[in-house]
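A short worksheet on the structure shown next.
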Amino acid sequence: MTPQELANLAHLRRARDLIDREFARPLDVPTMARRALMSPAHFSRQFRAAYGETPYGYLVTRRIERAMALLRAGMSVTDACMAVGCTSLGSFSSRFTELVGETPSAYRIREHHAVSAMPACVAKLHTRPTRVSRIREVARQTAA
């Protein structure tokens, strides 16, 4: 890697760290890009190249991941939605269902004994929401 590429990666990490720490507050791409010392368009391209998803997609995934932990702890869906920085319960529920494969209410009701028995670092890896559920759903609809 060239020195410039290493510097860009360090700047991108700063922006990703901002998302990880401040996911519950309003964040937009220009704010994230300022942290990375890049223009918003350049930042979005570089972030996607480095991490495989858009900055906003990463933010939403982080919010849903935290909401999953809150729901497992027994928090209501509305409270979890607001706690992670979402302002629309409908949008939150739609995105949660898309990423997790079930509604927030169904996820909250379901037993999570295996997750509570795992160390936190392992549980985080195994409960991270992905778009796999959505991909399977689209494939199932196409086959029908």
To two decimal places, what compactness ratio does the stretch 9-71 give when its Cα radius of gyration is scaled by 2.2 N^0.38 Å? 1.06
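At a Förster radius of 30 Å, what calculated FRET efficiency corresponds to the Cβ-Cβ distance of ALA106 and ALA10, to the nearest 0.05?
On the way: r = 41 Å, r/R0 = 1.36.
Approximately 0.15, to the nearest 0.05.
Please give the per residue accessible area of the stretch 1-74, computed with a probe of 1.4 Å over protein heavy atoms only, in Å². Walk me through the numbers on the way to the answer.
Values: 3920 Å² over 74 residues.
Ligands and nucleic acids excluded, the result is 53 Å² per residue.
Over the stretch 1-108, with every protein chain in place, what whole percent of the accessible area is carbon and sulfur at 1.4 Å, could you tell me?
Values: 2890 of 5470 Å².
Carbon and sulfur together cover 53 percent of it.
For the stretch 1-123, take the alpha-carbon Rg, divide it by the Kirkwood Rh, and send me Rg/Rh. Write down the numbers at each step before the final one.
Details: Rg = 16.3 Å, Rh = 15.6 Å.
Over the Cα atoms of the stretch 1-123, Rg/Rh equals 1.04.
Can you check what the net charge comes to around GLY74, using other residues whose Cβ is under 15 Å from the Cβ of GLY74 (Lys, Arg +1; Asp, Glu -1)?
On the way: positive: ARG66, ARG72, ARG108, ARG110; negative: ASP79, GLU111.
Local net charge: +2.
The values are calculated or read from the model by the stated rules, or taken from the named source; none is laboratory data. Here the structure is a predicted model, which is why all the values come from computation and not from measurement. Here the Cβ is made from the backbone with ideal geometry for all residues, glycine too, and neighbour counts use every protein chain on show. With ligands, DNA and RNA removed, areas are computed over all heavy atoms of the protein, side chains included. Shrake-Rupley method; radii C 1.70, N 1.55, O 1.52, S 1.80 Å.
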